[in-house]
1. For segment 94-117, name all the residues that are crowded, with 17+ Cβ neighbours inside 10 Å, part of a strand (DSSP E or B) and not charged (D, E, K, R).
2. Any residue in segment 124-139 that is buried (at least 17 other Cβ atoms within 10 Å of the Cβ) sitting within a Cβ distance under 8 Å of a residue that is in a helix (DSSP H, G or I)? List the pairs, counting only those 6 or more apart or interchain.
3. Go through segment 1-44 residue by residue and tally those that are assigned to a helix (DSSP H, G or I) and under 19 Å from I89 (Cα atoms).
4. Name the residues in segment 1-30 that are surrounded by 15 or more Cβ atoms within 10 Å (Cβ to Cβ), over 16 Å from C77 (Cβ atoms) and in contact with a helix residue (DSSP H, G or I) (Cβ under 9 Å, 6 or more places away or on another chain), would you?
5. Could you check how many residues of segment 7-29 are within 15 Å of the chain's Cα centre (by Cα) and modelled with pLDDT of 95 or more?
6. Determine which single condition A44 fails, assuming it passes every other condition in (1) touching a Ser or Thr at 6+ places or on another chain (Cβ under 7 Å); (2) of a type outside the set (K, R); (3) farther than 15 Å from G149 by Cα.
7. Restricting to segment 222-237, and then to whatever is modelled with pLDDT of 55 or more and surrounded by 15 or more Cβ atoms within 10 Å (Cβ to Cβ), can you tell me which residue is farthest from T46 (Cα to Cα)?
8. Mind checking which residues of segment 45-77 are of a type in the set (G, A, S), within 13 Å of P90 (Cα to Cα) and either under 12 Å from the mean Cα position of the chain (by Cα) or assigned to a helix (DSSP H, G or I) (or both)?
Amino acid sequence: MLNMVSTVDGHATLSGRSGPLSSRADRELFHGLRLAVDAVMAGASTVRVERYGRIIADASRRRLRLERGLSEEPLACIVSGRLALEADIPLLADPAARVAILTPSAASLPESAAEVHYVRAARDGLLDLPKALAELRERFGVRTLLCEGGPHLNAQLLQAGLVDELFLSLAPTLAGGDPAAGGEALRIVAGTELSPPLQLELLSALESESHLFLRYRVKNRPVEDHPPPRYGDRGNG
């Protein structure tokens, strides 16, 4: 699953952060989705910018997962082509955190407080996402995975046919500007154009304080005759 937030005119961030677009209901959805999955994944740049911490910080929520027969909290997965991650990122600095680094690199991060595992799935020097996700399932029992961005990682998961559902929180905000002029992609999906465009089926629509919460199923997942795109081909960290 992908979970993203956007302004009405398509900005995935304001001043480089998604937080200003959020609302009380959006935060409840954000934490509720984390509560239900085996793993939560984000690209290295998203982890750095958003200062990721422990995936489920609230002890009562961890107990609820255990009562439901799940692990205490989801496996935290960071997708990184170059392992450009500082040890002071809250997630890596937390000794209670369990982290899997998905990377094509043979290098390792400097020692950190978190429990860190490596999923090395390389093809032609880039991360092979289908292979990496298959290894997550085999090694860690990951059957449900929630991706929280960023836009290039979202695009590559979609291109590889790895996304079943999209949760989109639509903030009642107009940001304006020209994404192309800024150099950084501002939409929830960025990079190579999806060809053909993916079709979505609306499963539910909710509203709270003028925020819309849309849940879609991806209808025409790609079935490719050639190797799918690998993460890292646009210089992702």
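The values are calculated or read from the model by the stated rules, or taken from the named source; none is laboratory data. All values derive from a computational prediction rather than experimental measurement. Positions of Cβ are generated from backbone atoms using ideal geometry, with glycine treated the same way; all protein chains shown enter the neighbour counts.
1. Listed by number, the residues that qualify are V99, A100, I101, L102, T103, V116.
2. L129/Q156; L129/L157
3. The number of residues fulfilling the criteria is 2.
4. Result: M4, V5, S6, T7, H11, A12, T13, L14, S18, S22.
5. Of the residues in that region, 1 qualify.
6. (3)
7. Residues of segment 222-237 that are modelled with pLDDT of 55 or more, as a first pass: 222-223, 237.
Right, trim to surrounded by 15 or more Cβ atoms within 10 Å (Cβ to Cβ) and you get 222, 237.
Numbers: P222: 25, G237: 10 Å.
Filtering first and then ranking leaves P222.
8. A76
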